[in-house]
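The values are calculated or read from the model by the stated rules, or taken from the named source; none is laboratory data. Here the structure is a predicted model, which is why all the values come from computation and not from measurement. We place every Cβ from the backbone using ideal geometry, glycine too, and count neighbours over all the protein chains shown.
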Amino acid sequence: MSRKVNVAAFALALVLVAVILSCSEDSNYDQRTVVFVSSVNSGSPFLCDVLHQGDSIYYTDTDSLKTIDDYVSEDYITVAFTNQPYSSIVDPTNGSLGDFLVTGYDLEFIPYGGAEVPVDPFSGSISVLVPSGETVEAAILLVPFSAKTVDPLVSMMYTNGEIMTRAHITFHGHEVQTDVEVDFETNISVNFADPLLTKTQENQGN
């Protein structure tokens, strides 16, 4: 009996040590859970219009472009964050243990074919709580308004030019019980263009 008690006590001690280590601020957050991007823009590439051409591209009785109602807008995309627990020692689905807070991101565009970089790298701040075991969607800024008012995007307006890119996004955050910053990444294809229709195509669309 004494031998069985000693073995049980030793096993319990190992479990307690493992629990303490998993809760230490010096341990890596992924001992309890891992956060990743499970979807960007519903899994589809993003077409960035460098210019929105209002309700009508051409004047009714001519082939002249109607620019009076044209405008520029910022572009946002939807990102789905998934918080997947996988600890066999602590159940992070009980209470807030393992919840993750996404606090910001860095974004850079990598053009294909030697094209000019369409948007300078920038950083954004967000505050998205992703509970353990859940998926949460949030919108982030992809293309700032200011980027469409300077070259190369402003020079693409009313042309058939196109810049094909890959947007590389690095997210930052931390598990809510710690202040240890964690980074994770994702990518999405983004094409910049100002799709122009002929007068005939616009009429057929109506």
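Listed values, structure above:
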{"item": "Hits in region 125-162 - residues which are without any contact (Cβ under 8 Å) to a residue 12 or more places away in the chain and among the hydrophobic types (A, V, I, L, M, F, W, C)", "result": "VAL150"}
{"item": "Residue ID - modelled with the lowest pLDDT, chosen from residues in region 71-92 that are over 24 Å from the mean Cα position of the chain (by Cα) and of a type in the set (S, T, N, Q)", "result": "SER88"}
{"item": "Of all residues making up region 26-57, the number that are part of a strand (DSSP E or B), modelled with pLDDT under 90 and buried (at least 18 other Cβ atoms within 10 Å of the Cβ)", "result": "1"}
{"item": "Index of the failed condition, ILE68 passing every other in (1) closer than 18 Å to PHE184 by Cα; (2) among the aliphatic types (A, V, I, L, M); (3) modelled with pLDDT under 95", "result": "(1)"}
{"item": "Single residue of region 162-195 satisfying the filter (in contact with a strand residue (DSSP E or B) (Cβ under 8 Å, 6 or more places away or on another chain) and of a type in the set (D, E, K, R)) that is surrounded by the most Cβ atoms within 10 Å (Cβ to Cβ)", "result": "GLU175"}
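Condition check ((1) of a type in the set (Ser, Thr, Tyr); (2) farther than 19 Å from PHE36 by Cβ) across all residues:
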{"site": "GLY161", "(1), (2)": "no, yes"}
{"site": "ARG166", "(1), (2)": "no, no"}
{"site": "ILE169", "(1), (2)": "no, no"}
{"site": "THR178", "(1), (2)": "yes, no"}
{"site": "THR186", "(1), (2)": "yes, no"}
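Okay, residues lined up against (1) assigned to a strand (DSSP E or B); (2) among the acidic types (Asp, Glu); (3) modelled with pLDDT of 95 or more:
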| residue | (1), (2), (3) |
| --- | --- |
| GLY133 | no, no, no |
| ALA138 | yes, no, yes |
| PRO152 | no, no, yes |
| TYR158 | no, no, no |
| ILE163 | yes, no, yes |
| HIS168 | yes, no, yes |
| HIS172 | yes, no, yes |
| VAL180 | no, no, no |
| PHE192 | yes, no, yes |
